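For reference, the structure is listed below as structure tokens.
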Amino acid sequence: MDSILVRGNGPLNGVIPIAGAKNACLTLMPATLLSDEPLTLTNAPRLSDIRTMTQLLQSLGAEVTSMQSGQVLAMSSHDLTNLTADYDIVRKMRASNLVLGPLLARAGQAIVSLPGGCAIGARPMDLHIAGLEALGAEIELRDGYLHARTPGRLKGAVIDQRFASVGATENIVMAATLAKGTTVLKNAAREPEIVDLVKCLRAMGAQIEGEGTATITIEGVDRLHGATHPVVTDRIELGTYMIAPAIAGGDVELLGGRRDLLGGFCDKLEEAGVHVEETARGLRVAHATGRVQPVDVKTEVFPGFPTDLQAQMMALLTTAHGTSVLEETIFENRFMHAPELMRMGGRIDVHGGHATVTGVEKLKGAPVMATDLRASVSLILAGLAAEGETLVRRVYHLDRGYERVEEKLSAVGAKIERIKGE
């Protein structure tokens with residue numbers, strides 16, 4: 001397996017281009033199953049998760065062609081030859097469950113394995129199932145697979161989610177585009193990835209209103225047509241690289257960055273003493289060499305502080321001038337990076353969903369192990385501020401969500417390299 005070697009090297013300066021959003025692209029790709037006409041995505045990220053979703057769609061009969069070095073995905077689901085999303089593919093990635101709604105809406109049936117992904121806690125399918133059953137689907141769990149069917153066309157309904165689940169919102173919205181009548185989804189997720197999905201579906205002929213708010217209304221149509229859609233900027237990659245100059249010092253411009261994509265994250269960075277400003281090309285982040293101020297962080301659904309940036313923020317706060325408290329409210333097992341940061345000298349005390357972080361003057365480089373996608377990059381960020389060398393092992397997690405991380409950080413002055421495994 002590959003590893004990443006980081007040598008603390010002082011301030012970072014320059015420009016980092018931000019890729020298209022992994023989580024948005026993984027949601028947009030299954031939308032091709034809703035139509036027999038081509039769907040083309042531009043600004044697609046070049047990641048292993050995208051390749052996994054490509055493999056899944058191809059297993060269902062879709063044609064997926066990667067062009068322009070992977071930044072354009074041309075898809076066509078003219079013929080669906082298989083309606084089973086097999087465990088061997090689905091287990092690799094949580095987003096695989098997003099084929100369930102489109103298959104039900106288009107073909108009237110689907111067999112989808114329960115999904116996998118990072119080991120950061122239980123992410124049950126109950127909200128997906130409840131929403132699709134409200135639209136008229138019949139779903140049962142047998143042998144680790146969801147067997148779903150509908151006796152006829154799905155029918156619009158009023159659905160009130162008990163939690164603003166991103167994945168359930170995406171599955172329900174896609175299914176409802178082809179349902180008969182009106183669907184009103186209450187307590188809908190408001191994330192930018194939801195807004196991007198609705199923009200794409202609308203370009204395909206869907207009639208949807210309310211994206212970005214807690215209530216989304218979908219008027220079902222008989223069919224959707226083809227479209228071309230640019231994938232929105234990856235807000236988690238953006239936030240990750242915003243922390244790089246905050247923890248190492250420096251002045252970096254993030255091309256394509258938008259403050260509105262990150263909600264409360266930018267506020268917390270500024271509270272810690274980091275300078276954030278909008279530019280004509282994106283966002284500029286600057287911080288003089290030295291320790292940031294402590295801040296308390298609570299992860300919340302959008303527009304609150306993203307759970308996908310909690311690990312990176314913890315890395316930053318290990319170097320703060322004082323004590324911070326991080327509260328994780330989304331996933332119950334998302335502090336697995338804490339012991340690895342402690343190997344580097346971080347002072348962290350975890351109790352249930354709370355982590356108390358007392359900043360130290362300097363982290364020390366050490367061999368560490370990546371436990372999940374966001375944890376892996378948090379250790380790289382810590383390595384930027386540490387004395388000596390930090391070797392991050394098991395970075396296959398990293399490649400699921402970050403495109404050419406060593407190239408992007410090297411371009412702004414970081415001493416970082418990939419060591420190929422045997």
Checking T319 against (1) within 29 Å of R94 (Cα to Cα); (2) hydroxyl-bearing (S, T, Y); (3) touching a Lys or Arg at 6+ places or on another chain (Cβ under 7 Å), which single condition isn't satisfied? (1)
Restricting to the range 352-384, what's the tally of residues that are more than 21 Å from A414 (Cβ to Cβ) and under 26 Å from the mean Cα position of the chain (by Cα)? 8
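Matching residues to (1) hydroxyl-bearing (S, T, Y); (2) surrounded by fewer than 17 Cβ atoms within 10 Å (Cβ to Cβ); (3) closer than 25 Å to M67 by Cα:
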{"residue": "T182", "(1), (2), (3)": "yes, yes, no"}
{"residue": "C200", "(1), (2), (3)": "no, no, yes"}
{"residue": "T213", "(1), (2), (3)": "yes, yes, no"}
{"residue": "I216", "(1), (2), (3)": "no, no, no"}
Looking at G249, G220 in this structure, which one is at pLDDT 95 or above, more than 18 Å from the chain's Cα centre (by Cα) and over 24 Å from L103 (Cα atoms)? G249
All positions within the range 311-352 that are at pLDDT 95 or above and of a type in the set (S, T, Y): T318, T319, T323, S324
Considering only residues of the range 385-398 that are surrounded by fewer than 24 Cβ atoms within 10 Å (Cβ to Cβ) and at pLDDT 95 or above, which is nearest to the chain's Cα centre (by Cα)? L391
Within 19 Å of the chain's Cα centre (by Cα) and under 23 Å from L132 (Cβ atoms), is that true of N43? no
Counted residues in the range 1-22 being part of a helix (DSSP H, G or I) and surrounded by fewer than 24 Cβ atoms within 10 Å (Cβ to Cβ) come to 0
For F335: the one exception among (1) under 30 Å from F163 (Cβ atoms); (2) outside any loop (DSSP other than H, G, I, E, B); (3) touching a strand residue (DSSP E or B) at 6+ places or on another chain (Cβ under 8 Å): (2)
Within the range 302-329, considering residues that are assigned to a loop (DSSP other than H, G, I, E, B), touching a residue at least 60 places away in the same chain (Cβ under 8 Å) and under 16 Å from the mean Cα position of the chain (by Cα), the one surrounded by the most Cβ atoms within 10 Å (Cβ to Cβ): P306
Look at V292 and say whether it is crowded, with 21+ Cβ neighbours inside 10 Å, part of a loop (DSSP other than H, G, I, E, B), at pLDDT 95 or above and among the hydrophobic types (A, V, I, L, M, F, W, C). yes
Hey, does the range 242-258 have a residue that's surrounded by fewer than 24 Cβ atoms within 10 Å (Cβ to Cβ) and under 27 Å from T169 (Cβ atoms)? yes
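The values are calculated or read from the model by the stated rules, or taken from the named source; none is laboratory data. All values reported here derive from a predicted model rather than from experimental measurement. As a convention, Cβ positions derive from the backbone with ideal geometry for all residues, glycine included, and neighbour counts pool all protein chains shown.
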